[in-house]
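*Asks:* Below: one structure in structure tokens.
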Amino acid sequence: MAARDLRGEVAAYIPELARVDPRQFGMAVVLADGREFATGDADVPFSIQSISKVFMLALALGKLGDTLWNRVGREPSGQAFNSILQLESERGRPRNPFINAGAIVTTDAVLDGSTPREALGSLLRFIREAAEDDRIHINEAVARSERATGHLNYALAHFMHAHGNLRHDPDLSLGTYFHQCAVEMTCRQLARSGRFLMNAPGAPRLVSAVRVRRINALMLTCGHYDASGDFAYRVGLPGKSGVGGGILAIAPGRASIAAWSPGLSRQGNSLLGTEAIEMLARQTGWSIFG
Ligand code: GLU
């Protein structure tokens, strides 16, 4: 096999992320029986970015149930994470909760009856409980950096507001969204926080087993933007990536896996992180396809 260039590019469109040293790599795995394995920079905090969309989706489904699906779909988009193209023809209803437009609607839904501070408080409580770690926090500098350069996200939010699919002032929904993306975790914390998606006997039960399956289905089909099919093909596990270079992948009933390396593919997924999870899946035989 020809050597692949796995360096990639850091997410330079968020200035705070552009400063991260791209040569880092970490990985952590928590098994269903509670055993943990970690390697490399597994204790270095990084910006989880879009991985936060999984936790916000779990909160939104808990709050609204299936009515959330009136406002956001469950289909892969085949488009870039920040694309506005489909929103025009689909009248402001985003394809799924893991592209930016869908995540902004999901966050807007969680804001119903809450202030941004309360919604973010609920999100942090959920993540901390999932990881059993109260140190997990939001990096304000990253949130500010995103707000300062988030013109595409503003465009998405205003577009959806015009179509009646954003109920709050776009500044409020986006302020909350930028802060959720700025949650910081280490690989070890992220792998622990993913245990609730494993449906394993010892893992924290924050969401019903049926809902866990559904969130995993969305991670498999939509978790890596326009490279979701490729991740499913290569890895065979549900996963969610973020432009900070993190990936959370779930081997149902077996393991929660976190990998991090800041160099990204053209689609915004960690190159080395994907490679590492692919190797792990190959060597362990973990796959949802038997
Ligand atoms: N905060 C990022 C954005 O809105 C999230 C994108 C990602 O992690 O894929 O652009």
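The values are calculated or read from the model by the stated rules, or taken from the named source; none is laboratory data. It should be emphasised that the depicted structure is a prediction, and the values quoted were computed from it without experimental measurement. Cβ placement follows ideal geometry from the backbone for every residue including glycine, while neighbour counts extend to all protein chains displayed. Accessible surface areas use protein heavy atoms only, side chains included; no ligands, DNA or RNA. Shrake-Rupley method; radii C 1.70, N 1.55, O 1.52, S 1.80 Å.
*Asks:* Determine, at each q value in 0.07, 0.09, 0.13, 0.17 (inverse angstroms), the log₁₀ of I(q)/I(0) that the Debye formula gives when each Cα of the chain is one equal point scatterer.
*Replies:* -0.22, -0.37, -0.80, -1.47
*Asks:* So what is the 222 nm mean residue ellipticity for the chain from helices alone, if each DSSP H run of at least 4 adds -39500 (n - 2.57) and you divide by all residues, rounding to the nearest 500 deg cm²/dmol? Please list the in-between numbers first.
*Replies:* On the way: 12 runs with 125 residues, N = 290.
For the chain, the value works out to -13000 deg cm²/dmol.
*Asks:* Which of SER52, ALA80, GLN24 sits farthest toward the positive end of the charge dipole of segment 1-83, with +1 on the Cβ of Lys and Arg and -1 on the Cβ of Asp and Glu?
*Replies:* Final value for the positive-end residue is ALA80.
*Asks:* Which residue, PRO170, HIS158, GLN189, has the largest displacement toward the positive end of the dipole of segment 157-208 when charges sit on each Cβ (Lys, Arg +1; Asp, Glu -1)?
*Replies:* Comparing the listed Cα positions along the dipole, GLN189 ranks first.
*Asks:* Would you mind getting me the FRET efficiency between ALA148 and LEU64? Use the beta-carbon distance for r and R0 = 30 Å, nearest 0.05. Mind showing how you got there, number by number?
*Replies:* Numbers: r = 31 Å, r/R0 = 1.03.
Efficiency computed from Cβ-Cβ geometry: 0.45.
*Asks:* Classify segment 189-238 as rounded, prolate or oblate from the Cα gyration tensor: take a ≥ b ≥ c as the square roots of its eigenvalues, call it rounded if a/c is under 1.5, otherwise prolate when a/b beats b/c and oblate if not.
*Replies:* Because a/c hits 1.5 or more and a/b exceeds b/c, segment 189-238 counts as prolate.
*Asks:* First select every other residue whose beta carbon is under 15 angstrom from the beta carbon of THR67; then total the charges, Lys and Arg +1, Asp and Glu -1. Write down the numbers at each step before the final one.
*Replies:* On the way: positive: LYS63, ARG71, ARG74, ARG93, ARG167, ARG211, ARG214; negative: ASP66, ASP108, ASP112.
Charge balance near THR67 sits at +4.
*Asks:* Still on this structure: Using +1 at the Cβ of each Lys and Arg and -1 at the Cβ of each Asp and Glu in the chain, identify which of ALA200, LEU68, ALA276 lies farthest towards the dipole's positive end.
*Replies:* ALA200
*Asks:* Kirkwood Rh over Cα pairs of segment 105-225 into Stokes-Einstein at 37 °C, 0.692 mPa s: D in µm²/s? Please report the intermediate quantities before stating the final value.
*Replies:* Details: Rh = 15.8 Å.
Roughly 208 µm²/s, to the nearest whole number.
*Asks:* What's the whole-number percent of alpha carbon pairs in segment 145-286 lying beyond 25 angstrom?
*Replies:* More than 25 Å apart: 35 percent of the Cα pairs in segment 145-286.
*Asks:* For segment 167-290, report the accessible area per residue in Å² (1.4 Å probe, heavy atoms, rounded to an integer).
*Replies:* Values: 4210 Å² over 124 residues.
Per-residue value: 34 Å².
*Asks:* A further question on this structure: By per-residue mean of other Cβ atoms within 10 Å, what is the highest-first order of 204-210, 192-198, 262-268? It would help to have the intermediate numbers written out before the result.
*Replies:* Values: 204-210: 13.4, 192-198: 25.4, 262-268: 20.3.
Packing order, densest peptide first, comes out as 192-198, 262-268, 204-210.
*Asks:* For HIS163, what accessible area in Å² do you get when you roll a 1.4 Å probe over the heavy atoms of the protein chains, rounding to the nearest 10?
*Replies:* 80 Å²
*Asks:* At 1.306 mPa s and 10 °C, plugging the Kirkwood radius over alpha-carbon pairs of segment 233-290 into Stokes-Einstein gives what diffusion coefficient in µm²/s? Mind showing how you got there, number by number?
*Replies:* Details: Rh = 11.2 Å.
Answer from the Stokes-Einstein relation: 141 µm²/s.
*Asks:* Here is a follow-up. Quick one: net charge around ASN96, please, counting Lys, Arg +1 and Asp, Glu -1 for every other residue with C-beta under 14 Å from its C-beta.
*Replies:* Numbers: positive: LYS53, ARG71, ARG74, ARG93, ARG95, ARG214, LYS240; negative: GLU75, GLU90, ASP226.
Once all neighbours under 14 Å are counted, the net charge is +4.
*Asks:* Of the heavy-atom accessible surface of the chain (probe 1.4 angstrom), what whole percent is carbon and sulfur?
*Replies:* Values: 6370 of 12330 Å².
With neighbouring chains kept in place, the figure for the chain is 52 percent.
*Asks:* In what order, largest first, do ASP171, ASP41, ASP134 sit by accessible area if the probe radius is 1.4 Å? It would help to have the intermediate numbers written out before the result.
*Replies:* Numbers: ASP171 80, ASP41 50, ASP134 125 Å².
If we order ASP171, ASP41, ASP134 from most to least accessible, we get ASP134, ASP171, ASP41.
*Asks:* Roughly how many Å² of ILE288 are accessible to a 1.4 Å probe, to the nearest 10?
*Replies:* Roughly 70 Å² of ILE288 is accessible to a 1.4 Å probe.
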